[in-house]
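*Asks:* If you scroll down you'll find the structure; I have some questions about it.
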Amino acid sequence: MAESVPVTSPLLPPLEEFIPYLQQIWDSKRLTNGGPFHEQLEQELADYLGVKHISLFSNGTLALVTALQALRITGEVITTPYSFVATAHSLLWNNLKPVFVDIDPLTNNLDPKRVEEAITSATTAILPVHCYGIPCDVEGIQRVADTYGLKVIYDAAHAFGVRDNGASVLNHGDLSILSFHATKVFNTFEGGAIICPDAKIKQRIDYLKNFGFADEVTVMAPGINGKMNEVQAAFGLLQLRHIDDALVRRRAVFERYRQALEGVPGVRLLEPPAGLEWNYAYCPILIDAERFGCSRDALYQRYRDQDILVRRYFYPLINEFPMYRGLPSADLSGLPHAWQVSRQVLCLPIHPQLSTEIQQQIIDLALACHAEQTRSSSTALEL
Ligand SMILES: *Cc1c(COP(=O)(O)O)cnc(C)c1O
């Protein structure tokens, strides 16, 4: 293959469509601090996603950090080890203690039963992730939260546009956060947002993302600079014109993988539950080395050798990183499902522009790896 194949490629509309937006910014000289494109994007995204209020951010991590601050979370927060490291980092940035709890192997998301077992007198909140855009057991988590008086903040960085039986998954819990990073389904180069159900909390969040300024002379809290600028917001408005087409293309790529790899021994594909309008953000497969005949890491290396840049999302687990390793809940013996998935998972390239030819090469390599191993083990039997 001449060029390397990345695991994802950003959604980028034709450049000429963006020029008129830039012209408007140059004319108005409004660059940031809640300019007209920022206000328009908040409105259009709330309508598109089917949510009440949205507060835009310069990235998803600052949205997470601010969401925890806005709800005045203290003490211990129960979260998943199977995520991108920013999930847990947002807790450390708020001086909160992460408590890692195992996932349900069917959804790869926090298991409410394990959450309940991990609650102590210091627990104040749950920070689950809708991993790969597959919803958590939101009812199970809410039941636990209501029983123990806990807040729920969803890291919904993967869940842009996901609807469960017609309703946005972003409406669960107290707050949800989104990421609009270049690698995500919907991007503003960098960007993020907090989804919130009530106008008063949105007000507080809007203060906190602007240093805590409530007005010209009043600073109500040590807020951060998390504001989205006008170029990002204008780009988001343009992206919204293209997102539905991008989702259709992603779905077609995912379905081709499914048809080709379903039924291959030792390969498990992600199964979006019935009634879910998914966003096809990732195409993770789980490799059972024994049945597939080749380990996850051997297959990973085979792809890398061909310059096909598959990724092991998420490996290692967050609790394996040095700043988390020492926590009591970081012990791998308490996280068997997360451990197993992190050792089996491989995310295949998926994005709206992936050609069928390249996708076929990706599929063929997996099938070849399986066939070779099966052949060599049957030869060994004959000998
Ligand atoms: C991408 C991502 C983030 C961080 O978002 P940024 O916009 O890159 O700061 C947080 N959590 C999860 C699960 C993510 O995938």
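The values are calculated or read from the model by the stated rules, or taken from the named source; none is laboratory data. Here the structure is a predicted model, which is why all the values come from computation and not from measurement. With ideal geometry, Cβ positions are generated from the backbone for all residues, glycine too; neighbour counts draw on all protein chains shown.
*Asks:* Return the only residue of Leu96, Leu41 being closer than 18 Å to Leu175 by Cα and at pLDDT 95 or above.
*Replies:* After ruling out the rest, the residue left standing is Leu96.
*Asks:* Return the only residue of Arg343, Arg375 being at pLDDT 95 or above and part of a helix (DSSP H, G or I).
*Replies:* Of Arg343, Arg375, the one residue that is at pLDDT 95 or above and part of a helix (DSSP H, G or I) is Arg343.
*Asks:* Determine, yes or no, whether Ala122 is touching a helix residue (DSSP H, G or I) at 6+ places or on another chain (Cβ under 8 Å) and small (Gly, Ala, Ser).
*Replies:* Considered against the rule, which asks whether it is touching a helix residue (DSSP H, G or I) at 6+ places or on another chain (Cβ under 8 Å) and small (Gly, Ala, Ser), Ala122 comes out as no.
*Asks:* If you don't mind, there's one more thing I want to ask. Identify all residues within the range 1-29 that are farther than 21 Å from Leu247 by Cα and in contact (Cβ under 8 Å) with a residue 24 or more places away in the chain; write none if there are none.
*Replies:* Matches in the range 1-29: Met1, Glu3, Ser4, Tyr21, Leu22, Gln24, Ile25.
*Asks:* Residues that are without any contact (Cβ under 8 Å) to a residue 24 or more places away in the chain and over 25 Å from Val101 (Cα atoms): does the range 193-206 have at least one?
*Replies:* Checking the range 193-206: at least one residue is without any contact (Cβ under 8 Å) to a residue 24 or more places away in the chain and over 25 Å from Val101 (Cα atoms).
*Asks:* Looking at this structure, is Leu127 touching a strand residue (DSSP E or B) at 6+ places or on another chain (Cβ under 7 Å), within 12 Å of the ligand (Cβ to nearest atom) and over 22 Å from Val345 (Cα atoms)?
*Replies:* In short, yes.
*Asks:* So for the range 71-79 (the condition being among the polar types (S, T, N, Q), farther than 15 Å from Ile194 by Cα, crowded, with 24+ Cβ neighbours inside 10 Å and under 21 Å from the mean Cα position of the chain (by Cα)), does at least one residue qualify?
*Replies:* Checked against the condition, which is being among the polar types (S, T, N, Q), farther than 15 Å from Ile194 by Cα, crowded, with 24+ Cβ neighbours inside 10 Å and under 21 Å from the mean Cα position of the chain (by Cα), the range 71-79 yields at least one hit.
*Asks:* Something else about it: Of the conditions (1) surrounded by fewer than 24 Cβ atoms within 10 Å (Cβ to Cβ); (2) under 22 Å from Pro81 (Cβ atoms); (3) more than 10 Å from the ligand (Cβ to nearest atom), Cys136 clears all except one; give me its number.
*Replies:* (1)
*Asks:* Here is a check on your reading of the model: is Ser90 under 18 Å from the mean Cα position of the chain (by Cα), in a helix (DSSP H, G or I) and within 11 Å of the ligand (Cβ to nearest atom)?
*Replies:* yes
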